[in-house]
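S.K.: Sending over a structure as structure tokens; questions will come in a sec.
The values are calculated or read from the model by the stated rules, or taken from the named source; none is laboratory data. Model, not experiment: these values are computed from the prediction. Quick reminder, even Gly has a Cβ in these numbers, built from the backbone with ideal geometry, and neighbours come from all protein chains shown. Areas reflect the complete protein model, heavy atoms only, side chains present, ligands, DNA and RNA absent. Shrake-Rupley method; radii C 1.70, N 1.55, O 1.52, S 1.80 Å.
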Amino acid sequence: QVQLVESGGGLVQPGGSLRLSCVVSGSIISGNTMGWYRQAPGKERELIARITSSSNAVYADSVKGRFTVSRDNAKSTVFLQMNSLKPEDTAVYYCNRMAGLQPWGSWGQGTQVTVSS
């Protein structure tokens, strides 16, 4: 059974930084595109970054230039470095494997990021 565990969220002031981690167990991720998603209160879950098996990254316009996605296949872990955080980045953040441009498989519990002064 594949499990995804996100961590690293918290409360941060505007302009601050956080680094999220997503550990995947029960599956080898080296051949998968991995995606980072977020869901703000009252909104649908959205894809904000994805990284291919060859470590090519694509970002949503809302986070481009501020967020960086990376991966460590040996540790089955995907990271999201978030800089210059804004209040509108407040959301629960999730990772998942991807099939094409769609999430594939079950979700983890996510990690809460709150950006507030």
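S.K.: On the protein heavy atoms, probe 1.4 angstrom, tell me the percent of accessible surface of the chain carried by carbon and sulfur.
M.R.: So the carbon and sulfur contribution to the accessible surface is 48 percent.
S.K.: Given the convex hull over the Cα atoms of the chain, what projected area results after averaging over all orientations, in nm²?
M.R.: The Cα convex hull of the chain, projected and averaged over all directions, gives 6.6 nm².
S.K.: Would you mind computing the Rg to Rh ratio of the stretch 14-71 from its alpha-carbon coordinates, Kirkwood style for Rh?
M.R.: That ratio equals 0.98.
S.K.: Then there's this: Non-local amide H neighbours of Lys86 (under 5 Å, H modeled in plane, Pro and chain starts lacking H): which ones?
M.R.: Gly15
S.K.: Once you place label points 7 Å from the Cα toward the Cβ at Ser53 and Ala99, how far apart are they in nm?
M.R.: So the label points at Ser53 and Ala99 sit 1.5 nm apart.
S.K.: Go through the stretch 78-87 residue by residue and turn each phi into a ³J(HN,Hα) via Karplus (6.51, -1.76, 1.60, θ = phi - 60°); whole Hz please, and just put x for glycine and proline.
M.R.: Couplings: 10, 10, 9, 8, 10, 10, 6, 5, 10, x Hz.
S.K.: Could you go through the stretch 22-30 in sequence order and give the Karplus-derived ³J(HN,Hα) for each residue, using 6.51 cos²θ - 1.76 cosθ + 1.60 with θ = phi - 60°, rounded to whole Hz, and x for Gly and Pro?
M.R.: Couplings: 9, 9, 10, 10, x, 7, 8, 9, 4 Hz.
S.K.: For Lys86, go through the aspartates and glutamates and keep the ones whose alpha-carbon is under 20 Å away, minus same-chain ones fewer than eight residues off.
M.R.: Glu44, Glu46, Asp61
S.K.: Further, regarding this structure: Which residue, Ser70, Gly110, Tyr37, has the largest displacement toward the positive end of the dipole of the stretch 30-117 when charges sit on each Cβ (Lys, Arg +1; Asp, Glu -1)?
M.R.: Final value for the positive-end residue is Ser70.
S.K.: Same structure, new question: Hey, what's the Cα Rg ratio for the stretch 55-117 versus the globular rule of thumb, 2.2 N^0.38 Å?
M.R.: 1.20
S.K.: Hey, another quick one. So if I place +1 on the C-beta of Lys and Arg and -1 on the C-beta of Asp and Glu, and nothing else carries charge, what would the dipole magnitude of the chain be about its Cα centre? I want it in debye, nearest 20.
M.R.: 140 debye
S.K.: Let me ask something else about it. Which GluC sites (Glu not before Pro) in the stretch 1-47 sit in a loop by DSSP (not H, G, I, E or B) and have at most 13 other Cβ atoms within 10 Å of their own Cβ?
M.R.: Glu44
S.K.: Let me ask something additional. Please identify the trypsin sites (Lys or Arg not before Pro) of the stretch 1-97 that satisfy two criteria: DSSP loop assignment and at most 14 other Cβ atoms within 10 Å. Which are they?
M.R.: Here the trypsin sites (Lys or Arg not before Pro) that fit, given the DSSP loop and packing criteria, are Lys43, Lys64.
S.K.: With a 1.4 Å probe and all protein chains left in place, how much accessible area per residue does the chain have, in Å²?
M.R.: Roughly 51 Å² per residue, with all protein chains present.
S.K.: Modelled label-to-label distance, Asn73 and Ser17, 7 Å Cα→beta-carbon offset: nm?
M.R.: Placing both labels 7 Å along Cα→Cβ, they lie 2.7 nm apart.
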